[in-house]
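Since the structure comes first, as structure tokens, the remarks are kept for the end.
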Amino acid sequence: MTAPSPEVRHAGLVVCRLGGLWRGGLIVGPSGSGKSTLALKLIGQGWTLVSDDRTSVFQSSGRVFGVAPRPLVGLIEARGVAVAPAPGQTTRIGEILAIFDCTLQRDPCRIPAAARETLAEVSLPKLAFDPFDAAAVEKFSLALRLAWQCNI
């Protein structure tokens, strides 16, 4: 029996070192929703890019991982500027702990009900997320650390 091939998602993956491993959040949403903008903000605060725009996801031992498809390794789009090498450090693989959905809501809840999405046969927390919020980096970091603490 062969392992299933990775699923390619229209999403970016940004990670940091948590528990000694690269772990982070999958940033999803339609074109122009702010995925790359959020990734650039996070990279500016020391986070590490795995992939931008497309991410191949797969499951191993009950955990979900993401990698950049080969033509996109190390690249990021800065809308209105260029597709260019990502600033700062990049890595080839990262564990996905949560999904951040940049599909904007007109009236977001103060404390939304817990939502989940199955990705590569694993249920992960999913948050509606505004990448243009002034505190987006801090909220992303907090949500990711909470997701990690729930898994350890």
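Couplings 3J(HN,Hα) for the stretch 11-24, derived from phi with the Karplus relation 6.51 cos²θ - 1.76 cosθ + 1.60 (θ = phi - 60°), are 6, x, 9, 10, 10, 9, 7, 10, x, x, 10, 6, 9, x Hz, where x marks Gly and Pro. For the stretch 31-41, putting each phi into the Karplus relation 6.51 cos²θ - 1.76 cosθ + 1.60 with θ = phi - 60° gives couplings of 4, x, 7, x, 4, 5, 4, 4, 4, 4, 4 Hz, in residue order, rounded to whole numbers and with x for Gly and Pro. The residues neighbouring HIS10, those whose beta-carbon lies less than 13 Å from its own, together hold a net charge of -2 under the Lys/Arg +1, Asp/Glu -1 convention. With contacts taken as Cα pairs under 8 Å and at least 6 residues apart, the chain reaches a relative contact order of 25 percent. Derived scalar couplings between HN and Hα for the stretch 64-71 equal 9, 10, x, 9, 7, x, 3, x Hz in order, rounded to whole Hz, by the Karplus curve 6.51 cos²θ - 1.76 cosθ + 1.60 (θ = phi - 60°), x for Gly and Pro.
Determine the dipole magnitude for the stretch 26-152: charges of +1 sit on the beta-carbon of Lys and Arg, -1 on that of Asp and Glu, nothing else is charged, the reference point is the Cα centre, and the result goes in debye to the nearest 20.
Using only the charged Cβ atoms, the result is roughly 100 debye.
Across the accessible surface of the stretch 1-150, with the other protein chains kept in place and a 1.4 Å probe, carbon and sulfur atoms take up 55 percent.
Once backbone amide H atoms are built at 1.01 Å from N, GLY94 has GLY66 as its partners under 5 Å, excluding neighbours fewer than 5 places away on the same chain.
The values are calculated or read from the model by the stated rules, or taken from the named source; none is laboratory data. As the structure is a computational prediction, the values presented were derived from the model and not from experiment. We place every Cβ from the backbone using ideal geometry, glycine too, and count neighbours over all the protein chains shown. In case anyone asks, the SASA skips ligands and DNA or RNA and just uses the protein heavy atoms, side chains included. Shrake-Rupley method; radii C 1.70, N 1.55, O 1.52, S 1.80 Å.
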